[in-house]
Amino acid sequence: MKPFLRIENLSKSFGGVKAVNDLSLSLMPNKINAIIGPNGAGKTTLFNLITGFIKSDSGRIFFEDSELTNLPIHQISRIGVKRTLQIKSVFNSMSVFENLWITLSAHRGNLNPFKKVAHYLSEKERVEEVMEQLDLGRFRDAPAGILSYGDVALLEIGMAIITHPKMILFDEPVCGMSPQETEKVVSKITSIADQTHVVIIEHDMDVVFKIADEITVLAFGQKLATGTPREIADNQKVKEIYFGTDEVLNND
Ligand SMILES: Nc1ncnc2c1ncn2[C@@H]1O[C@H](COP(=O)(O)OP(=O)(O)OP(=O)(O)O)[C@@H](O)[C@H]1O
Ligand SMILES: [Mg+2]
C-alpha cells in the first residue's frame, strides 16, 4: 500500500519558534488518521502548510501523485484537499442551503449571473444530498447564525465535503461540544471516511481512541510516535512527554 500523504523534512518557524521542525511522516489509506500532541505542538501549523494557508521554510508535501509544497490555496483545494477550521466559520446571515450552494458554486466557478439553469439544478441536487447526509434538511432555509454549535459544525463539514474532496483535514471538530453533539459529529466523520481520506486533529482522547485506526503524536514540531491506538497508549515516550501520566490512557 502507498501512503496518500507524504511529508518530507518540513519546517516552519515563527520568529524563534520552530512550529514544525524537520517533520517527516507518511499516512496510509483505508484508515482514519489522528494527529495528537500537546498545545503548541505544531498540529494546526501542519494543516496550514498542507492546505497552503501558510508557506513552508523548507521541506516537501506530496498528496497522492501531486506535490502540494507551497502551491496557492485554491490550487490545493482544486486537487481535492479540504479542511475545517479550529474556529468555526460559516456565513451567519445566509441560509444553510445558501452556505452549501455558494461553496459548491465557487468551487465550480459558476458564480456569475448568466450561468445556465442546468448548473443551478445540478448544484441544487448536490446541496440537497449533502443536507440529507448531515441531517440538515430541517434547517434548509434558516440563517446559519441561529443554528446550535453542533449543527454549525455539521454545516461546516457539509461545506467541506460538498465538492467531493479526496482528503479532508479536521482540526478539533468536536471542541466545545456536548456529548450528544460529539457523538453525532463523530459518526458523520466516520461515515465520510468510507469515501475520503480523513485526518483529524483532536484533543478529546475518547474520540481519538474510538475513531482512529492510526495515531501520529507530535511534540515540539516533530513526530514523537506513530502507531495504532493500543501502541500509542502503551508508548512510554508518549506517556512521559505528552500525557505526563499513565492514567488518561489506561481507562479501558
Ligand atoms: N501565525 C503565527 N504566528 C506566530 N506564531 C505562531 C503562528 N501560528 C502558530 N504559531 C506558534 O507555533 C506553535 C505551534 O502552533 P500550532 O497552532 O500549530 O499548535 P497546535 O499543535 O495546533 O496547538 P493547539 O493544540 O493549542 O491547537 C505555537 O508556539 C504557536 O504559538
Ligand atoms: Mg491547533
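Which order do the peptides 98-108, 8-18 take when ranked by the mean count of other beta-carbon atoms within 10 Å per residue, highest first? Don't skip to the answer; put the middle values down first.
Values: 98-108: 19.7, 8-18: 14.2.
Most protected by this proxy first, the peptides run 98-108, 8-18.
Could you state the angle between the C-alpha long axis of helix 179-192 and the longest principal axis of the C-alpha atoms of the chain, as a value from 0 to 90 degrees rounded to the nearest 10?
On a 0 to 90 degree scale, this one is about 80.
Ala34's amide H: which non-local residues (gap 5+, or another chain) put their own amide H closer than 5 Å, with H modeled 1.01 Å from N in plane and none for Pro or chain starts?
Ile200, Asp213, Glu214, Ile215, Thr216
Rounded to the nearest 500, what is the 222 nm mean residue ellipticity of the chain from helices alone, with -39500 (n - 2.57) per DSSP H run of 4+ residues and division by all residues? Working shown, then result.
Working: 8 runs with 85 residues, N = 252.
Helix-only estimate at 222 nm: -10000 deg cm²/dmol.
Could you tell me the calculated FRET efficiency between Ser95 and His203, based on Cβ-Cβ distance and R0 = 35 angstrom, to the nearest 0.05?
The value I calculate is 0.65.
Taking N as the number of residues in the chain, what value does Rg over Cα atoms divided by 2.2 N^0.38 Å take?
Values: Rg = 18.7 Å, N = 252, 2.2 N^0.38 = 18.0 Å.
Cα-based Rg divided by the globular estimate yields 1.04.
Expressed as an acute angle from 0 to 90° and rounded to the nearest 10, what is the orientation of the C-alpha long axis of helix 149-161 relative to the principal long axis of the chain?
For helix 149-161, the angle is close to 80 degrees.
Using amide H atoms built 1.01 Å from N in the peptide plane, name the residues 5+ places from Ser95, or on other chains, whose amide H lies under 5 Å from its own.
Ala144
Would you work out the charge dipole size for the chain about its Cα centre, treating the Cβ of every Lys and Arg as +1 and the Cβ of every Asp and Glu as -1, and quote it to the nearest 20 debye? Mind dumping the intermediate values first?
Working: 27 positive and 32 negative charges, 197 e Å.
Charge dipole of the chain: 940 debye, to the nearest 20.
Just how large is the dipole of segment 1-115 about the Cα centre, in debye to the nearest 20, putting +1 at every Lys and Arg Cβ and -1 at every Asp and Glu Cβ?
Around 180 debye, computed over segment 1-115.
Could you work out the per residue convex hull volume over the alpha carbons of segment 138-252, in cubic angstrom?
130 Å³
Taking H placed 1.01 Å from N in the peptide plane, check which residues at least 5 places from Val20 or on another chain put their amide H under 5 Å from its amide H.
Lys12
Report, as a whole number in µm² per second, the diffusion coefficient that Stokes-Einstein gives for segment 169-230 at 10 °C and 1.306 mPa s using the Kirkwood radius over alpha carbon pairs.
Diffusion coefficient, whole number: 128 µm²/s.
Cα axis of helix 96-108 to longest principal axis of the chain: angle in degrees, 0 to 90, nearest 10?
80 degrees
No lab work stands behind these numbers, since they all come straight from the coordinates. In this text the structure is predicted, and so the values were computed from the model without any measurement. Every residue, glycine as well, gets a Cβ built from its backbone with ideal geometry; the counts of neighbours run over all protein chains shown.
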